[in-house]
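Novice: Before I ask anything, here is the structure I am working with.
The values are calculated or read from the model by the stated rules, or taken from the named source; none is laboratory data. Bear in mind the structure is a predicted one, so any value in this text is a computation, not a measurement. Positions of Cβ are backbone-derived with ideal geometry, glycine not excepted, and every protein chain shown enters the neighbour counts. Only protein heavy atoms, including side chains, enter the accessible area calculation; ligands, DNA and RNA are left aside. Shrake-Rupley method; radii C 1.70, N 1.55, O 1.52, S 1.80 Å.
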Amino acid sequence: MAHEATHDQHDHHHAPQGFFQRWVMSTNHKDIGTLYLIFSLTMFFIGGSFAMVIRAELFKPGLDLVQPYFFNEMTTMHALVMIFGAIMPAFVGLGNWMIPLMIGAPDMALPRMNNLSFWILPFAFALMLSTLFLPGGGPAGGWTMYPPLSLQSGSLAYVVFSIHLMGISSIMGAINIIATILNMRAPGMDLLKMPVFVWSWLITAFLLIAVMPVLAGAVTMLLTDKYFGTSFFNPGGGGDPVLYQHVFWFFGHPEVYIMILPAFGIISEIVPTFARKPIFGYRAMVYAIACIAFLSFIVWAHHMFAVGLPLGADIFFMYATMLIAVPTGVKVFNWVATMWGGSMTFETPMLFAIAFIILFTIGGFSGLMLALVPADFQYHDTYFVVAHFHYVLVTGAAFAIMAATYYWLPKWTGHMYNEFWGKVHFWCSVVFVNVLFFPQHFLGLAGMPRRIPDYNVAFANFNMISSIGGFLFGASQLIFLGVVVHCAFFARKKAADRVWEGAKGLEWTVPSPAPHHTFEVPPVVRDEELAHGHVND
Amino acid sequence: MSQQHDIYYVPSKSQWPIVAAVVMFITVFGAAHWLNAEPGESGFGKTVITIGAIGILGMFFGWFRSVIKESLAGNYNHQVDTSFRMGMMWFIFSEVMFFGAFFGALFYIRNFSVPWLGGEGHGVLTHQYLYGAYSAAWGAAGGNGPLQVGGAFSVVQPWGLPLLNTLILLTSSVTVTIAHHALRAGHRGKILLFLGLTVLLGATFLYCQAHEYMEAYKELNLTLHSGVYGSTFFMLTGFHGLHVTLGTIMLAVIWCRVLKGHFNKEHHFGFEAVAWYWHFVDVVWLGLFLFVYIL
């Protein structure tokens, strides 16, 4: 019986078969993780090229390069591609690669569904990006797709269906991650000994399953309002456009934490490694993530302060939002306390992690400013908001993904990346990203609205600075591409199994590169190998 | 084989995931093309949807056939069983949240948007400037909004067919549970009888619902276009009906599998998954009966 039970596994125990079999029919978490990461990198550059169009148009006042409708398509598509195509799949790819390695599992719990989760994505994005070439043009009403504006878009059906597909993919991916973490841990890997990255993914997966169906519901209502004559968002029929905003942001706010909680997990792995100290307050870190996840469900209307909510709602959502600063503050404090008195070294992953902590905190503070109802009346829909969410998403989520890439790349490829070029990439990125986004705070405070292709000449200087930063930040990412490609195909320097001196955890006990199959029999988990092995002592 | 748990099972490569991704893409591409077609333009959308839908059916058939084969070969150990169970539970949770979006919309519309259109609370100016003649009410008196979208209509009375449907679904929940107990006791005849009854009850529910829809469209003038009342009514009951349809098909498949002797007292996750799904559909109906029909 036992022999039979593993029979399938032995089938493909040997070197993987042909290209199609290996990559398209895969049931291997490492191959699927790699596919996710390549897809996400591709989308990062596609979405980035949209951003370059936006910054080029905004380089100086006047309509110089593109038509306003095309500009609006670019802002809309930039957001959709970056959120659903770049950031989320990158985290899923990292989770796919690392969660089984970190908990001593042979693979994801449901490997075939894992493959389906990935393969839906290229089709979903083909559908979405194809709208740019349709006669009516792509969606141009912003990624939030507020009615009634979004209902005027000819390509709404394409976008709605592609969002349905992405939702199905995310839900299946999240179910897989929960089943893996709860069911596949090696004996001895107690819940409160798991790496913080695994914890952050467990909670993120719960958020995904809870809110992706709500987004599906919201866009389905858009679809039926446009094509089937329902009146959900039509006041003449008793509906309310604001209803869409409520349903959308009930999804949307947990969604922004879906894009940051795994980043918190990554930073919580990297900082202890390079500070050569266990993380400060492991349990507090886990509870803070859970607390942030809970709060994310009761703050959605802070995106809607300016639509005319009842006063009581404004006040409730303002205070609930400000509460989030508490667990987030705990996390930032603990990262700093982890570094305090540590034997620090500053390899590229650590540089990105430290930049994350500082710059994400700036984004957090501007978020706190936006949480205040009276202040938000001024800041709402200005470039201040754009600056805020790019600080949390670019220097937050994207920087964490880059940190994770440098951190685990040697484990994936078996070779060290080029540290010099990694550092060049870091310094270019961190300087130019601030040149790009910091002036946008001033633009917003001065009253420049977001999502416009032309602007008052009073805003010219800061926009030009921001655009220059944007072009250089975009160009810097080509260095990233170069470092990754070099490490994957051309690097000579072998990586050790324990790539980083201070690294702890099961993923460093397997060879570099990680063999196609790992932990086919459960490993013996020794507490001293784990980063948080003695948390219960 | 007490050691079996210690040896992990990783399924072999399969073509079904990529087939699934392709047929899903074909279906939604066809649907989008169909919806996006110019009025009067025939387009190829419907053909593409049909191809995609047939593909999806074939994919389900093929994927489940390979899973059943592997299950019968005894490949799936206790750990795989647990993964399947978790997968199904969280899938049902995602379905709950999907219905939650529509229930949430219903509550919001009834408690806020309709009263505000009638001038309550901070909607007083909206009312005064836009829809002064509208007095807020739900149901036939004002559920289609100030502009009476879709024209005058009457509502479906809860104590006729909907009550019957409630009783049908509640009974079906009992019969599927009896079948489950029979399965655990190993009484095959009893399983087939009560599971078959459950399928029949599901089909009867669908027949009644179809009848109710036709009556609503023909006699009550209650349609999908009847303002937000019609929107919420048909979207909620329609999505529920879709789930009953799926559940009935799933139950019928399980009935055939029982006939073929696929299950035994210990290993019958397929049966339990469908039973959970059926209970979930049942609970959603109770919510619908209360909030859509009665209140």
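Novice: Looking at region B:144-159, which of its residues are more than 9 Å from chain A (Cβ to nearest Cβ) and open to solvent by 40 Å² or more (accessible area, probe 1.4 Å)? Steps first, please.
Specialist: Going residue by residue through region B:144-159, those that are more than 9 Å from chain A (Cβ to nearest Cβ) are B:151-159.
Of everything in region B:144-159, those that are more than 9 Å from chain A (Cβ to nearest Cβ) and open to solvent by 40 Å² or more (accessible area, probe 1.4 Å) turn out to be B:152, B:154, B:157, B:159.
Novice: Given the conditions (1) open to solvent by 50 Å² or more (accessible area, probe 1.4 Å); (2) on the phi > 0 side of the Ramachandran plot, and given that residue B:227 satisfies all but one, which numbered condition is not satisfied?
Specialist: Of everything listed in (1) open to solvent by 50 Å² or more (accessible area, probe 1.4 Å); (2) on the phi > 0 side of the Ramachandran plot, residue B:227 misses just condition (1).
Novice: Filtering region A:297-312 down to residues that are of a type in the set (Gly, Ala, Ser) and assigned to a helix (DSSP H, G or I), which residue is nearest to the other protein chains (Cβ to nearest Cβ)? Spell out the reasoning first.
Specialist: As a first pass, look at region A:297-312 and keep what is of a type in the set (Gly, Ala, Ser): A:301, A:306, A:308, A:312.
Checking which are assigned to a helix (DSSP H, G or I) leaves us with A:301, A:306, A:312.
Numbers: A:301: 12, A:306: 14, A:312: 10 Å.
Out of the qualifying residues, it is A:312.
Novice: May I ask you to list the residues in region A:447-472 that are open to solvent by 70 Å² or more (accessible area, probe 1.4 Å), farther than 30 Å from residue A:347 by Cα and over 23 Å from the mean Cα position of the chain (by Cα)?
Specialist: The answer is A:456, A:457, A:458, A:461, A:462, A:464.
Novice: Also, quick follow-up: Would you check if there is a residue in region B:95-103 being facing chain A (nearest Cβ under 7 Å), assigned to a helix (DSSP H, G or I) and either of a type in the set (S, T, N, Q) or surrounded by fewer than 16 Cβ atoms within 10 Å (Cβ to Cβ) (or both)?
Specialist: No.
Novice: Let me ask something else. Go through region A:391-421 and report how many residues are touching a residue at least 12 places away in the same chain (Cβ under 8 Å) and more than 21 Å from the chain's Cα centre (by Cα). Steps first, answer last, please.
Specialist: The first filter runs over region A:391-421 and keeps only residues touching a residue at least 12 places away in the same chain (Cβ under 8 Å), leaving A:391-419, A:421.
Next, from what is left, pick out any that are more than 21 Å from the chain's Cα centre (by Cα): A:410-411, A:413-419, A:421.
Count: 10.
Novice: Restricting the search to region A:119-159, which residues are aromatic (Phe, Trp, Tyr) and more than 8 Å from chain B (Cβ to nearest Cβ)? So that I can check it myself, show each step before the final result.
Specialist: Of the residues in region A:119-159, the ones aromatic (Phe, Trp, Tyr) are A:119, A:123, A:125, A:133, A:143, A:146, A:158.
Scanning region A:119-159 gives A:125, A:133, A:143, A:146.
Novice: Looking at (1) surrounded by 15 or more Cβ atoms within 10 Å (Cβ to Cβ); (2) away from chain A (no Cβ under 12 Å), find the lone condition where residue B:54 falls short.
Specialist: Going through (1) surrounded by 15 or more Cβ atoms within 10 Å (Cβ to Cβ); (2) away from chain A (no Cβ under 12 Å) one by one, residue B:54 breaks only (1).
Novice: Just checking, which of B:245, B:198, B:204 is assigned by TED's automatic domain parsing to the domain that holds residue B:106, surrounded by 22 or more Cβ atoms within 10 Å (Cβ to Cβ) and either of a type in the set (Ser, Thr, Tyr) or closer than 30 Å to residue A:240 by Cα (or both)? Working first, answer last.
Specialist: Values: B:245 fails: surrounded by 22 or more Cβ atoms within 10 Å (Cβ to Cβ); B:204 fails: surrounded by 22 or more Cβ atoms within 10 Å (Cβ to Cβ).
That would be B:198, the only listed residue that is assigned by TED's automatic domain parsing to the domain that holds residue B:106, surrounded by 22 or more Cβ atoms within 10 Å (Cβ to Cβ) and either of a type in the set (Ser, Thr, Tyr) or closer than 30 Å to residue A:240 by Cα (or both).
Novice: A further question follows. Those residues that are over 21 Å from the mean Cα position of the chain (by Cα) and over 11 Å from residue B:26 (Cβ atoms), I need them from region B:46-69; list them, please.
Specialist: Matches in region B:46-69: B:46, B:62, B:63, B:65, B:66, B:67, B:68, B:69.
Novice: For region A:224-233, name all the residues that are within 7 Å of chain B (Cβ to nearest Cβ) and not in a helix (DSSP H, G or I). Working first, answer last.
Specialist: The first filter runs over region A:224-233 and keeps only residues within 7 Å of chain B (Cβ to nearest Cβ), leaving A:224, A:227-232.
Once the filter is applied, which keeps residues that are within 7 Å of chain B (Cβ to nearest Cβ) and not in a helix (DSSP H, G or I), region A:224-233 yields A:228, A:229, A:230, A:231, A:232.
Novice: Residues in region A:138-171 that are open to solvent by 30 Å² or more (accessible area, probe 1.4 Å) and part of a helix (DSSP H, G or I): how many?
Specialist: Matching residues across region A:138-171 total 5.
Novice: I'd like to check something: does region A:90-112 contain any residue that is open to solvent by 30 Å² or more (accessible area, probe 1.4 Å), modelled with pLDDT of 95 or more and part of a helix (DSSP H, G or I)? It would help to see each step written out before you state the result.
Specialist: Our first condition is that a residue be open to solvent by 30 Å² or more (accessible area, probe 1.4 Å); within region A:90-112, this holds for none.
Within region A:90-112, not a single residue is open to solvent by 30 Å² or more (accessible area, probe 1.4 Å), modelled with pLDDT of 95 or more and part of a helix (DSSP H, G or I).
Novice: Then there's this: Would a scan of region A:174-182 turn up a residue that is more than 30 Å from residue A:279 (Cβ to Cβ), within 13 Å of chain B (Cβ to nearest Cβ), in contact (Cβ under 8 Å) with a residue 24 or more places away in the chain and assigned to a helix (DSSP H, G or I)?
Specialist: Kept after step one, since they are more than 30 Å from residue A:279 (Cβ to Cβ), are these residues of region A:174-182: none.
There is no residue in region A:174-182 that is more than 30 Å from residue A:279 (Cβ to Cβ), within 13 Å of chain B (Cβ to nearest Cβ), in contact (Cβ under 8 Å) with a residue 24 or more places away in the chain and assigned to a helix (DSSP H, G or I).
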